[in-house]
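The values are calculated or read from the model by the stated rules, or taken from the named source; none is laboratory data. Not measured: the values here are computed from a predicted model. Counting neighbours? That spans all protein chains shown, and the Cβs are built from the backbone with ideal geometry, glycine included. For accessibility, only protein heavy atoms count, side chains too; no ligands or nucleic acids. Shrake-Rupley method; radii C 1.70, N 1.55, O 1.52, S 1.80 Å.
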Amino acid sequence: MRRLLLNAAALAVLVTTIFPVYWMFLTAFKPTRDIQAATPTFWPEHPTLEHFVTAVNAPGFWTYWRNSLVVTVAAVLVALVVAILAAFAVARMRWRGRAGFVVAVFAAQMAPWEALLVPVFIIARDSGLLDSLAMLTGVYFMITLPFTIVTLRGFLAAIPLELEEAAQVDGCSRPAAFRRVVFPLLAPGLMATSLFGFITAWNEFAFVNVLIIKDQDKRTLPVWLSSFRDVFGTDWGATMAAASLFALPALLLFLFLQRRVGAGMTAGAVKG
């Protein structure tokens, strides 16, 4: 009976979580008359791709898609490089201020990023970096870096130091031992952190809405989706189709990395 209740509760959570996503995809494939019908249907009786055509052909769609992809990938890659170095220094070395650095990273991870909207805006304004994708990339790098350091630190701590020392005994320098022995074992952690960093930066809305003011061609897809409407009101079919296309890269990336993600998050959470 206990297992039955737990399974029922898990199923309820699953349905509650999945249903909005299912409804988004369902609405994207429904004809407009079915979307506006008084009685909802839970399966598209007459599926159509017209809403996807409308979304793809909408002004600015591909520009905003490119901006989102460039900014997100650049921020995640730079965060991974910096985080690997920082996590290695924290997990493998002993130096003055190490504990304080770790506390600062955890504090940055727990802090609400929305509290930095005004300071970041003032810095960007005074530096002449408003309406700049470089500034947006730097902000996304700042957002994803603490989580990446915390996760990779735990994963590095779980890799036995003896493997690195054995490689050094065999003639490898410390950088070579890291590159040939430790780095390949970091693959699950790198994939897990890159996935969550990608999702965080890909979905970010507040900073791009504040930092990109005049040059609309520098905005990203989340802001574009919020204004996807015509003179007659919101086109829900096209909006859901655009949202489905927006969610597709993160979904495909997760499906591709899902095996590594579980191993990476587990290893990064149990030690360090």
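Tabulated results
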item: Kirkwood estimate for segment 1-127, i.e. one over the average of 1/r between Cα atoms, Å; result: 20.8
item: Along each principal axis, Cα extent of segment 1-54, largest first, Å; result: 48, 23, 14
item: Rg over Rh [alpha-carbon atoms, Kirkwood Rh] for segment 35-189; result: 1.16
item: Filtered trypsin sites (Lys or Arg not before Pro), segment 80-163: DSSP coil and at most 15 other beta carbons within 10 Å; result: ARG94, ARG96
item: Of THR234, THR39, THR220, the one that fluctuates the most in a GNM where the chain has Cα springs shorter than 10 Å; result: THR39
item: Segment 99-234, Cα convex hull volume normalised per residue, Å³; result: 159
item: Heavy-atom accessible surface of the chain: percent carbon and sulfur, 1.4 Å; result: 69
item: Within segment 1-30, backbone nitrogen closer than 15 Å to the virtual label 7 Å beyond the Cα of ASN203 toward Cβ; result: 17-22, 24
item: Isotropically averaged projected area of the chain, using the convex hull of Cα atoms (one quarter of hull area), nm²; result: 20.4
item: Extended-chain gain in nm, criterion 0.36 nm per residue less alpha-carbon gap, ILE123 and SER173; result: 13.8 nm
item: Computed over the chain: relative contact order in percent, which uses C-alpha pairs under 8 Å that are six or more apart; result: 31
item: Segment GLU162-THR17, extension gain: residue separation times 0.36 nm, minus the distance between their alpha carbons; result: 47.9 nm
item: 1.4 Å probe accessible area per residue over segment 1-91, in Å²; result: 64
item: Per residue accessible area of segment 119-254, 1.4 Å probe, in Å²; result: 46
item: Length released on extending from LEU255 to PHE101, taking residue separation times 0.36 nm less the Cα-Cα span; result: 52.0 nm
item: Between 0 and 90°, nearest 10: helix 187-203 axis offset from the chain longest Cα axis; result: 40
